[in-house]
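Reading through the structure tokens given below for one structure.
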Amino acid sequence: MMTNGDEHGGYVAGRYRDGSLSDGWTDIARCAPGTFVRYVARCACGWSGRARPATVTGAMAARQEWFLGHVMSLPLDARAAV
Ligand SMILES: [Zn+2]
């Protein structure tokens with residue numbers, strides 16, 4: 001799990017076939033291929049990103065989206081708490 005202070009802990013969640021998402025303690029890279037149909041960046045604050053293909057590239061894009069699209073858009077004082 002990536003950490004950014006207490007409120008913003010980002011991670012890549014996997015979407016199971018039934019539509020539910022894995023939690024922040026699930027290491028998607030260790031799950032069997034086919035376990036997930038999509039990867040989605042999520043944050044401990046409740047933010048979530050766009051659904052990505054369940055591939056290594058998709059996981060990287062999700063992590064990047066969490067940082068660039070979410071953390072970097074936070075107010076400066078929230079970022080300063082990192
Ligand atoms: Zn957040």
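The values are calculated or read from the model by the stated rules, or taken from the named source; none is laboratory data. Predicted model, so just to flag it, every value in this text is computed and none were measured. When we count neighbours, we look across all protein chains shown, and the Cβ atoms used for this are built from the backbone with ideal geometry, even at glycine. Protein only, heavy atoms only, side chains kept; ligands, DNA and RNA dropped before computing areas. Shrake-Rupley method; radii C 1.70, N 1.55, O 1.52, S 1.80 Å.
Classify the chain from the C-alpha gyration tensor, please: rounded if a/c falls under 1.5, else prolate or oblate depending on whether a/b exceeds b/c.
Prolate, since a/c reaches 1.5 and a/b exceeds b/c.
Where the accessible area of the chain is counted over protein heavy atoms with a 1.4 Å probe, how much of it, in %, is carbon and sulfur?
Whole-percent figure for carbon plus sulfur exposure: 54.
So, in nm, how far is label Asp23 from label Trp47 when the simple model puts each one 7 Å beyond its Cα toward the Cβ?
Here the answer is 2.3 nm between the modelled labels.
Gain in length, Val37 to Met72, computed as 0.36 nm per residue apart minus the alpha-carbon separation, to one decimal in nm?
9.8 nm
Explain nothing, just the number: relative contact order of the chain, from Cα pairs under 8 Å at least 6 residues apart, as a whole percent.
For the chain, the relative contact order is 27 percent.
When the chain is fully extended, how far beyond the present Cα-Cα distance does Val56 get from Arg30, taking 0.36 nm per residue of separation?
8.2 nm
Which value, in Å² rounded to 10, gives the accessible area of Tyr16 with a 1.4 Å probe and all protein chains present?
Its accessible surface works out to 70 Å², give or take rounding.
Could you give the accessible area per residue of the range 10-80, probe 1.4 Å, as a whole number in Å²?
Per residue, the range 10-80 has an accessible area of 61 Å².
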